[in-house]
Amino acid sequence: MAGTRDFLRGPVEPRPRARYDPRVYPVLPLRTPRLILRALRATDASMLAAYRNDPEVARYQDWPLPYTDDRAAEFIAEQGDASGPRPAAWTQIGIDQDGLLIGDLAVGLDGTGKLAMLGYTLCRDRQGQGLATEAAGALIDALFEGGLHRVAATLDPANIASAMLLERLGFRYEGRALQAAFVRGAWEDDDRYAILREERVAWLARPLTPPNDVRLVEVTAHNRRAVARLATHPSQERFVAPMARTFQHALIPEDVNGVPVVPWFRAIEADGEIVGFLMIAAVTSGHPRPFLWRLLIDRGHQGRGIGRRAVALLVDLLRSDGQTELEVSWHDGRGGPEGFYLKLGFVPTGQVVEGEHQAVLQLRSAGLS
């Protein structure tokens with residue numbers, strides 16, 4: 001995994017009136033439950049070169065290949081005896097697990113010490129364990145505690161793993177800059193993310209435990225604004241349409257087999273707060289069984305078991321209406337909903353329609369709760 005592109009080595013220039021605020025920024029080493037964030041050492045050169053030469057790690061980066069031990073040693077020497085991030089400079093920080101360098105973080109501060117760019121790289125055999133998220137989260141929290149105002153990161157739009165890491169940390173997607181990055185001889189698009197200090201505080205304070213009460217409620221004039229504000233993580237929009245498009249489809253439904261789709265939808269409420277949206281295509285002559293058309297849980301409430309409970313409520317309603325099956329479909333891809341639906345008991349039919357895998361849940365045997 002590699003995050004912010006390595007070619008972005010120029011820290012953001014401060015505005016003329018800005019002055020460096022001499023507060024205390026993190027002093028290395030920093031410790032997390034599983035890691036130590038420390039200065040790079042001369043003895044790290046061979047390991048640094050090894051994972052930077054891995055094609056999967058280097059895929060979205062701009063460092064030269066092959067990346068030699070000598071180049072790694074020179075790079076580490078350039079860091080000097082830095083004990084932590086410094087204004088108007090880039091600092092490379094080693095990620096150490098059990099005495100072994102497994103990756104590194106890059107942080108570039110502007111001249112005021114208030115704005116930062118973040119980068120991260122993790123060797124392939126340590127990916128998928130939440131280690132990069134743990135390391136980057138600890139660093140940005142230490143920076144914010146020291147007075148930092150904002151952290152930004154940029155990445156290749158195809159680097160889904162990197163986008164998901166930033167989203168887990170609470171970063172906000174700011175948009176895509178077209179052909180803004182010259183990478184290995186070609187102009188590439190650049191996705192931009194950022195987080196403010198107060199946004200990180202709010203993200204860490206969001207509810208993480210299952211709610212006491214989950215309900216399906218009608219969308220009314222009273223709650224429609226809250227429903228419209230619902231949003232998944234940007235990386236999930238490949239699988240779940242944003243609310244603006246969902247409202248469009250509900251207002252002007254498409255035809256299936258020559259028959260207009262009949263949308264039925266509800267907002268999902270957890271402990272009195274609107275946290276999601278659910279919509280089905282009801283049974284018609286052109287659509288013989290109900291189809292779960294949309295299921296969206298707001299990014300700040302994911303991981304609380306709300307989606308499962310919302311589907312269980314839907315299943316109860318469909319059973320009471322005499323329905324025996326519920327259909328759904330999904331696109332393949334990292335971070336997609338396939339695992340979620342399989343755990344709920346949906347069984348793939350083997351059919352793929354317009355690139356989406358079809359699956360059916362038998363309502364008589366569904367044991368959702």
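Some values worked out for this structure:
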read-out	value
Considering residues of segment 272-303 that are in a strand (DSSP E or B) and β-branched (Val, Ile, Thr) only, the residue farthest from residue 343 (Cα to Cα)	284
Top-ranked residue of segment 14-37 - restricted to ones that are at pLDDT below 95 and hydroxyl-bearing (Ser, Thr, Tyr), ranked as surrounded by the most Cβ atoms within 10 Å (Cβ to Cβ)	25
Residues being open to solvent by 10 Å² or more (accessible area, probe 1.4 Å), of a type in the set (Gly, Ala, Ser) and over 28 Å from the mean Cα position of the chain (by Cα) - total across segment 62-115	8
Unmet requirement for residue 118, which otherwise passes all of (1) open to solvent by less than 10 Å² (accessible area, probe 1.4 Å); (2) touching a Leu at 6+ places or on another chain (Cβ under 8 Å); (3) not in a strand (DSSP E or B)	(3)
1 or more residues within 26 Å of the chain's Cα centre (by Cα): qualifying strands (runs of 3 or more DSSP E) within segment 304-369	325-330, 356-362
Unique residue being free of Cβ contacts under 8 Å to residues at least 24 places away in the same chain and surrounded by 13 or more Cβ atoms within 10 Å (Cβ to Cβ) when the list is 224, 172	224
Any hit, segment 290-301, residues being surrounded by fewer than 14 Cβ atoms within 10 Å (Cβ to Cβ) and in contact with an Asp or Glu (Cβ under 8 Å, 6 or more places away or on another chain)	no
Selected residue (criterion: farthest from residue 37 (Cα to Cα)) from residues of segment 145-162 that are in contact with a helix residue (DSSP H, G or I) (Cβ under 7 Å, 6 or more places away or on another chain) and open to solvent by 10 Å² or more (accessible area, probe 1.4 Å)	160
Pick from segment 183-199, criterion under 30 Å from residue 66 (Cβ atoms) and exposed (fewer than 12 other Cβ atoms within 10 Å of the Cβ), ranking: modelled with the highest pLDDT	187
Criterion: among the small types (Gly, Ala, Ser) and in contact with a Phe, Trp or Tyr (Cβ under 8 Å, 6 or more places away or on another chain) - qualifying residue of 77, 58, 89	58
Test set (1) buried (at least 16 other Cβ atoms within 10 Å of the Cβ); (2) at pLDDT below 95 - residue 252 fails condition number	(1)
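Residue-by-condition table, conditions (1) modelled with pLDDT of 95 or more; (2) of a type in the set (A, V, I, L, M, F, W, C); (3) closer than 19 Å to residue 164 by Cα; (4) open to solvent by 50 Å² or more (accessible area, probe 1.4 Å):
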site: 303; (1), (2), (3), (4): yes, no, yes, yes
site: 315; (1), (2), (3), (4): yes, yes, no, no
site: 319; (1), (2), (3), (4): yes, no, no, yes
site: 333; (1), (2), (3), (4): no, no, yes, no
site: 357; (1), (2), (3), (4): yes, no, no, yes
site: 362; (1), (2), (3), (4): yes, no, no, yes
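The values are calculated or read from the model by the stated rules, or taken from the named source; none is laboratory data. None of the values given here were measured: they were computed from a predicted structure. Quick reminder, even Gly has a Cβ in these numbers, built from the backbone with ideal geometry, and neighbours come from all protein chains shown. Only protein heavy atoms, including side chains, enter the accessible area calculation; ligands, DNA and RNA are left aside. Shrake-Rupley method; radii C 1.70, N 1.55, O 1.52, S 1.80 Å.
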